DNA sequence: ACCTGAACACCGTTCAAGT
DNA sequence: ACCTGAACACCGTTCAAGT
């Protein structure tokens with residue numbers, strides 16, 4: 001081959017060395033995140049990932065026990081991305097009710113922009129049931145959930161929210177926004193023309209704000225004038 | 001074989017005829033529902049289904065265009081099951097707020113008892129994006145959703161719920177209970193010892209009632225004494 | 001019209017072998 | 001220690017052929 005020699009050192013090998021020695025583990029995780037962001041599919045094959053990274057498929061098993069272990073690492077990266085997306089909304093200095101709605105909107109928006117990653121983190125059975133074996137995953141999730149719990153405690157302190165079990169109310173809020181994100185992402189609520197929800201003709205983000213307002217005010221309250 | 005002749009008619013063929021002529025289509029759908037109810041997996045293979053029904057795998061393609069079309073038929077059956085599970089709760093004669101909580105609890109319970117079927121109906125990407133091609137699916141979903149919307153309208157009439165856009169509020173309630181069901185089913189909220197939720201030490205059904213009460217009363221309201 | 005057996009292009013994973 | 005090529009047991013689907 002023409003690339004075989006160059007100053008006595010094969011170019012091909014120089015290029016390849018980058019993947020051989022630079023840690024393949026991170027390259028695989030980053031490549032997987034990229035594939036999930038690009039792909040219209042919620043899944044990807046290890047063979048696709050391997051060829052994109054420039055390595056054979058079984059090479060993965062030098063760094064991960066199986067596909068599930070890889071997916072756990074990807075999900076951890078996802079939790080960091082999500083936290084980065086949520087944090088600005090609770091540091092805007094706006095009033096806390098607005099921060100609450102902003103955070104919910106940012107959460108659903110993250111899901112819409114990273115549907116496969118979101119599904120992996122919060123819904124897919126691809127994260128194995130034995131995933132509690134990976135404590136880093138639970139830590140990453142708890143760290144992200146902390147953004148919400150901190151806000152709820154501040155709302156309690158300012159009298160914007162009833163006193164009570166913050167963990168329970170956090171679970172309620174989480175379930176609520178997760179339900180919104182899940183239904184939109186999986187297409188159970190169809191988006192008619194751009195950004196509007198079936199039978200609820202308004203952009204997704206407005207629907208999220210309105211829905212979360214119901215959670216603050218309660219259905220029993222009279223509708224606002 | 002010993003079964004070859006019996007009164008001049010092979011027994012084997014007598015038994016097989018049932019599947020050959022009795023419509024295979026329904027047998028496949030029912031078999032698929034059974035597989036989803038039994039299986040710990042959210043998915044099943046067409047080969048498993050075919051062998052259970054006693055037929056070769058490609059036989060399926062005489063009745064369905066592809067696996068997606070089969071899954072649509074299964075989901076339709078699921079919506080009928082769900083409606084049957086919800087309807088008693090809104091015909092109990094109890095006060096409407098109780099009916100509201102009962103229905104939400106029955107919804108989540110249906111998901112917990114039929115996780116694979118629920119996932120197919122409300123979350124899985126296995127229902128193809130072009131599923132609006134199947135109008136029966138939308139009809140089945142709308143028919144089931146009607147149970148909720150009817151209740152919300154009755155609540156409005158009795159002054160138990162603010163006036164407003166019933167479709168929008170129905171969407172909010174649906175997203176809320178779907179979020180609860182999804183997180184529990186997919187194990188994102190771990191069940192510590194029997195029936196209790198992580199960091200929310202109460203049975204699932206109690207958590208659902210408490211969470212939905214928040215939606216009725218609103219977070220701003222003072223907690224009940 | 002309905003079903004079968006063989007085949008195709010995939011998939012995750014294993015394993016002996018190379019460096 | 002890290003990676004490869006060949007192979008294994010799957011998968012959904014196609015297709016010619018049988019009845």
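No lab work stands behind these numbers, since they all come straight from the coordinates. As the structure is a computational prediction, the values presented were derived from the model and not from experiment. With ideal geometry, Cβ positions are generated from the backbone for all residues, glycine too; neighbour counts draw on all protein chains shown.
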>> Give me A:134, B:143, B:118 sorted ascending by neighbouring Cβ count inside 10 Å, so fewest comes first.
In response: B:143, A:134, B:118
> How many Cβ atoms of partner chains, on average, are near each residue of B:165-174 if near means within 10 Å of its Cβ?
Replying inline: 6
> In which sequence would B:103, A:168 go, from the one with the fewest C-beta neighbours within 10 Å to the one with the most?
Replying inline: A:168, B:103
> Which part of the range B:31-72 falls in the paramagnetic zone of residue B:133, meaning amide N under 13 Å from the point 7 Å along Cα-to-beta-carbon?
Replying inline: B:64-72
> Using the alpha-carbon centroid of each, what span in Å lies between the range A:108-168 and the range B:48-69?
Replying inline: 40
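Hey, fewest Cβ within 10 Å first, where do B:62, B:97, A:51 land in order? Don't jump to the answer; show the numbers that get you there.
Working: B:62 9, B:97 17, A:51 13.
The most exposed by this proxy come first: B:62, A:51, B:97.
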> Hey, for residue A:146 with labels 7 Å out along Cα-Cβ, what do the inter-copy distances come to in nm, ordered shortest first?
Replying inline: 5.1
> Ratio of the range A:111-165's C-alpha Rg to 2.2 N^0.38 Å, to two decimals?
Replying inline: 1.50
> Shortest first and in nm to one decimal, what separations exist between residue A:158 and its copies in the other chains, measuring from label points 7 Å along the Cα-to-beta-carbon line?
Replying inline: 3.7
> If we hang a label 7 Å off Cα along the beta carbon direction at residue B:187, how far is it from the matching labels on the other copies, in nm, shortest first?
Replying inline: 2.8
